[in-house]
Amino acid sequence: MKSQRDIAQRLSERGYRLTPQRIMILSAIENSSNHISAEEIYAQVVAKYPKVNISTVYRTLELLKQLGLIYEINFGEGRIGYHPEGRGHHHHLICRKCGTVIDVSESVLFPIQAILLQALNFNAELKHLAIFGICENCQQ
Ligand SMILES: [Zn+2]
Ligand SMILES: [Zn+2]
(Lines give C-alpha, C1' and ligand atoms only; values in the text may rest on other atoms or scores of the structure.)
(Ligands and ions follow the chains in the order given, each with its own letter.)
Protein backbone atom coordinates (compact mmCIF):
# COMPACT_ATOMS: atom_id res chain seq x y z
CA MET A 1 0.00 0.00 0.00
CA LYS A 2 1.10 3.54 -0.59
CA SER A 3 2.23 5.13 2.63
CA GLN A 4 -0.34 7.07 4.55
CA ARG A 5 1.74 10.18 4.01
CA ASP A 6 1.46 9.79 0.20
CA ILE A 7 -2.25 9.28 0.47
CA ALA A 8 -2.64 12.20 2.86
CA GLN A 9 -0.75 14.36 0.39
CA ARG A 10 -2.88 13.32 -2.56
CA LEU A 11 -6.00 14.06 -0.58
CA SER A 12 -4.79 17.43 0.69
CA GLU A 13 -3.82 18.51 -2.84
CA ARG A 14 -7.52 18.28 -3.62
CA GLY A 15 -8.54 19.93 -0.39
CA TYR A 16 -9.42 16.77 1.52
CA ARG A 17 -8.11 15.46 4.81
CA LEU A 18 -7.11 11.91 5.68
CA THR A 19 -9.72 11.29 8.36
CA PRO A 20 -9.83 8.13 10.52
CA GLN A 21 -12.86 6.95 8.54
CA ARG A 22 -11.00 7.36 5.26
CA ILE A 23 -8.03 5.45 6.67
CA MET A 24 -10.38 2.66 7.78
CA ILE A 25 -12.05 2.46 4.38
CA LEU A 26 -8.70 2.31 2.58
CA SER A 27 -7.32 -0.35 4.89
CA ALA A 28 -10.52 -2.43 4.60
CA ILE A 29 -9.93 -2.50 0.84
CA GLU A 30 -6.21 -3.11 1.24
CA ASN A 31 -6.73 -6.02 3.64
CA SER A 32 -9.41 -7.86 1.72
CA SER A 33 -8.10 -10.73 -0.33
CA ASN A 34 -10.78 -10.29 -2.95
CA HIS A 35 -13.01 -7.51 -4.29
CA ILE A 36 -14.68 -6.00 -1.29
CA SER A 37 -18.10 -4.37 -1.68
CA ALA A 38 -19.24 -1.03 -0.25
CA GLU A 39 -21.58 -2.92 2.09
CA GLU A 40 -18.74 -5.07 3.43
CA ILE A 41 -16.57 -1.99 3.94
CA TYR A 42 -19.43 -0.27 5.72
CA ALA A 43 -19.88 -3.25 8.07
CA GLN A 44 -16.22 -2.96 9.11
CA VAL A 45 -16.25 0.82 9.52
CA VAL A 46 -19.52 1.00 11.43
CA ALA A 47 -18.25 -1.55 13.95
CA LYS A 48 -15.66 1.02 14.99
CA TYR A 49 -17.46 4.27 14.15
CA PRO A 50 -21.15 3.64 14.84
CA LYS A 51 -22.10 7.13 13.66
CA VAL A 52 -20.82 6.64 10.13
CA ASN A 53 -23.55 6.09 7.56
CA ILE A 54 -23.27 4.23 4.31
CA SER A 55 -23.49 7.36 2.14
CA THR A 56 -20.20 8.49 3.71
CA VAL A 57 -18.69 5.20 2.57
CA TYR A 58 -20.05 5.68 -0.98
CA ARG A 59 -18.76 9.28 -1.12
CA THR A 60 -15.34 8.22 0.14
CA LEU A 61 -15.13 5.39 -2.39
CA GLU A 62 -15.98 7.85 -5.15
CA LEU A 63 -13.21 10.18 -3.98
CA LEU A 64 -10.60 7.42 -3.64
CA LYS A 65 -11.55 6.23 -7.12
CA GLN A 66 -11.07 9.71 -8.59
CA LEU A 67 -7.68 9.95 -6.90
CA GLY A 68 -6.65 6.65 -8.48
CA LEU A 69 -6.12 4.97 -5.11
CA ILE A 70 -8.68 2.25 -5.72
CA TYR A 71 -10.23 0.50 -8.72
CA GLU A 72 -13.87 -0.33 -9.06
CA ILE A 73 -15.18 -3.37 -10.86
CA ASN A 74 -18.78 -3.95 -11.91
CA PHE A 75 -19.69 -7.64 -11.91
CA GLY A 76 -23.20 -6.97 -13.16
CA GLU A 77 -26.51 -7.32 -11.33
CA GLY A 78 -25.55 -4.54 -8.96
CA ARG A 79 -22.46 -6.30 -7.62
CA ILE A 80 -19.61 -3.80 -7.40
CA GLY A 81 -16.25 -4.55 -5.84
CA TYR A 82 -13.12 -2.59 -5.04
CA HIS A 83 -9.38 -3.21 -5.24
CA PRO A 84 -6.46 -1.19 -3.96
CA GLU A 85 -4.67 0.44 -6.87
CA GLY A 86 -1.62 -1.83 -6.64
CA ARG A 87 -3.69 -4.97 -7.13
CA GLY A 88 -5.89 -3.68 -9.94
CA HIS A 89 -3.81 -4.81 -12.87
CA HIS A 90 -5.83 -7.75 -14.12
CA HIS A 91 -9.13 -8.40 -15.86
CA HIS A 92 -12.16 -10.49 -15.06
CA LEU A 93 -14.09 -12.71 -17.45
CA ILE A 94 -17.61 -13.03 -16.10
CA CYS A 95 -20.04 -15.69 -17.24
CA ARG A 96 -23.53 -14.33 -17.82
CA LYS A 97 -25.09 -17.75 -17.23
CA CYS A 98 -23.44 -19.13 -14.10
CA GLY A 99 -21.69 -16.04 -12.73
CA THR A 100 -18.25 -17.66 -12.65
CA VAL A 101 -15.43 -15.12 -12.57
CA ILE A 102 -12.15 -16.00 -14.26
CA ASP A 103 -9.17 -13.74 -13.54
CA VAL A 104 -6.76 -13.08 -16.39
CA SER A 105 -3.56 -11.07 -16.43
CA GLU A 106 -3.33 -7.54 -17.72
CA SER A 107 -1.18 -8.72 -20.63
CA VAL A 108 -4.10 -10.61 -22.22
CA LEU A 109 -5.40 -7.31 -23.56
CA PHE A 110 -2.05 -5.90 -24.67
CA PRO A 111 -2.83 -6.81 -28.32
CA ILE A 112 -6.07 -4.81 -28.14
CA GLN A 113 -4.19 -1.89 -26.64
CA ALA A 114 -1.72 -2.08 -29.52
CA ILE A 115 -4.50 -2.19 -32.13
CA LEU A 116 -6.26 0.84 -30.64
CA LEU A 117 -3.01 2.75 -30.59
CA GLN A 118 -2.14 1.80 -34.14
CA ALA A 119 -5.55 2.17 -35.74
CA LEU A 120 -6.97 5.10 -33.78
CA ASN A 121 -3.92 6.58 -32.06
CA PHE A 122 -5.80 6.03 -28.81
CA ASN A 123 -3.77 5.13 -25.75
CA ALA A 124 -6.28 2.91 -23.93
CA GLU A 125 -5.93 2.35 -20.17
CA LEU A 126 -6.91 -1.28 -19.84
CA LYS A 127 -5.98 -2.09 -16.27
CA HIS A 128 -9.02 -3.61 -14.68
CA LEU A 129 -11.94 -4.61 -16.85
CA ALA A 130 -14.98 -6.82 -16.42
CA ILE A 131 -15.66 -8.68 -19.65
CA PHE A 132 -19.00 -10.45 -19.92
CA GLY A 133 -19.62 -13.59 -21.93
CA ILE A 134 -20.33 -17.31 -21.64
CA CYS A 135 -17.83 -19.65 -19.95
CA GLU A 136 -16.59 -22.96 -21.35
CA ASN A 137 -18.94 -25.09 -19.24
CA CYS A 138 -22.02 -23.07 -20.15
CA GLN A 139 -21.30 -23.29 -23.88
CA GLN A 140 -21.78 -27.05 -23.83
ZN1 LIG B 1 -10.13 -7.31 -9.96
ZN1 LIG C 1 -20.83 -20.23 -17.05
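The values are calculated or read from the model by the stated rules, or taken from the named source; none is laboratory data. Please read these numbers as outputs of a predicted model, since none were measured by experiment. So basically every Cβ, Gly included, is an ideal-geometry build from the backbone, and we count neighbours across all protein chains shown.
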Residues of the range 91-112 being surrounded by 15 or more Cβ atoms within 10 Å (Cβ to Cβ) and within 14 Å of Glu125 (Cβ to Cβ), in sequence order, are His91, Glu106, Leu109
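So, Ala124, is that one away from ligand 1 (no atom under 12 Å from the Cβ), without any contact (Cβ under 8 Å) to a residue 40 or more places away in the chain and farther than 19 Å from Asn74 by Cα or not? Spell out the reasoning first.
On the way: away from ligand 1 (no atom under 12 Å from the Cβ): yes; without any contact (Cβ under 8 Å) to a residue 40 or more places away in the chain: yes; farther than 19 Å from Asn74 by Cα: no.
No: the conditions fail for Ala124.
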So which residues in the range 114-140 are polar (S, T, N, Q), part of a helix (DSSP H, G or I) and more than 9 Å from ligand 2 (Cβ to nearest atom), if there are any at all? Gln118
Is it the case that Ile94 is touching a Gly at 6+ places or on another chain (Cβ under 7 Å), free of Cβ contacts under 8 Å to residues at least 40 places away in the same chain and over 30 Å from Tyr16 (Cβ atoms)? yes
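Please determine, by comparing only the residues of the range 74-85 that are assigned to a loop (DSSP other than H, G, I, E, B) and within 16 Å of ligand 1 (Cβ to nearest atom), which one is modelled with the lowest pLDDT. Give the derivation first.
Residues of the range 74-85 that are assigned to a loop (DSSP other than H, G, I, E, B), as a first pass: 75-79.
From what is left, the residues that are within 16 Å of ligand 1 (Cβ to nearest atom) are 75-76, 79.
Working: Phe75: 85, Gly76: 82, Arg79: 87.
Among those residues, the one meeting the criterion is Gly76.
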Looking only at residues that are part of a helix (DSSP H, G or I) and touching a Leu at 6+ places or on another chain (Cβ under 6 Å) in the range 8-37, which one is farthest from ligand 1 (Cβ to nearest atom)? Ala8
Does the range 86-104 hold any residues that are away from ligand 2 (no atom under 16 Å from the Cβ) and either out of contact with any His (no Cβ under 6 Å at 6 or more places or on another chain) or in a helix (DSSP H, G or I) (or both), and which are they? Gly86, Arg87, His89, His90, His91
Exactly one condition in (1) in contact with a Ser or Thr (Cβ under 8 Å, 6 or more places away or on another chain); (2) under 26 Å from Ser27 (Cα atoms) is not met by Cys135; state its number. (2)
